[in-house]
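Report on the following structure.
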Amino acid sequence: MDLKKYIRSIPDYPKKGILFRDITTLIKDPEAFNFSVDKIIKISKKIKFNKIAAIESRGFIFAAVVSYRLKKPLIMMRKKNKLPAERHSVDFELEYGRATIEVHKDSINKDDNVLIIDDLIATGGTAEAGAKLVKVSEGNVAGFIFIINLFDLGGNQKLKDNSYFTESLIDFPGH
């Protein structure tokens with residue numbers, strides 16, 4: 001299945017000069033969505049991990065299903081001030097601004113191997129922040145799986161340069 005045809009491209013969103021790759025058109029199609037989840041599960045079998053972390057918000061969609069199917073705990077990495085208990089926080093740069101993500105301090109234990117799932121990798125800021133949350137929790141980053149890699153923005157290569165396993169289902173140019 002060619003998943004690229006299920007991705008809508010929206011110019012100048014969320015700001016001028018950004019070509020937004022929209023996965024809502026993929027998740028509304030049951031065949032494409034199921035195919036995507038099955039591919040993520042197949043890729044995850046190459047990785048040794050005991051927990052799955054999902055990056056807010058679109059990463060939640062895929063990671064929740066994978067967590068359910070593989071019977072692995074699901075950890076939510078959320079935007080600032082969205083988690084109620086004690087949390088670790090990491091500030092980072094986005095392609096179009098700054099942001100903060102957080103994780104509950106009790107969600108990742110020492111030596112947990114955490115697979116991080118998100119919808120898209122662009123410049124790598126969000127993914128690196130997710131990795132920092134795992135590390136500050138004394139866990140290990142087992143790898144990353146993304147639906148879309150915006151290959152010319154360098155984030156995926158940045159993760160590989162830091163010796164992380166990373167794989168994506170689809171490659172697109174970023175602009």
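Observations, loosely collected:
- Over the chain, Cα pairs under 8 Å with separation of 6+ residues give a relative contact order of 19 percent.
- Farthest positive-ward along the range 47-172 dipole, Cα basis, beta-carbon charges - from G124, P73, S168: P73
- Expressed to the nearest 5 percent, the antiparallel share of DSSP beta bridges inside the range 47-172 is 30 percent.
- Annotation: amide H-H contacts under 5 Å for L120 (H modelled 1.01 Å from N, sequence separation of 5 or more, or interchain): I147, I148.
- Taking Cβ atoms as reference points and 12 Å as the exclusive limit, the residues near F60 contribute a net charge of +1, counting Lys and Arg as +1 and Asp and Glu as -1.
- Extension gain, E167 back to F151 (0.36 nm per residue minus Cα-Cα distance, nm): 4.6 nm
- Calculated FRET value between K5 and D91, using beta carbons and R₀ = 35 Å, to 0.05: 0.45
- Karplus-derived 3J(HN,Hα) values for the range 62-69, using 6.51 cos²θ - 1.76 cosθ + 1.60 with θ = phi - 60°, are 7, 5, 4, 5, 4, 4, 4, 5 Hz; glycine and proline are entered as x.
- Cross-link table K72/K132; K4/K72; K28/K80; K16/K160; K5/K135, entries beyond 26 Å C-alpha to C-alpha: K4/K72; K28/K80; K16/K160; K5/K135
- Projected label distance in nm at D12 and N113, using a 7 Å step from Cα toward the beta-carbon: 4.8 nm
Bear in mind these aren't lab numbers, they're just calculated from the coordinates by the rules spelled out. These figures come from a predicted structure and were not determined experimentally. Backbone-built Cβ (ideal geometry, glycine too); neighbour counts: all protein chains shown.
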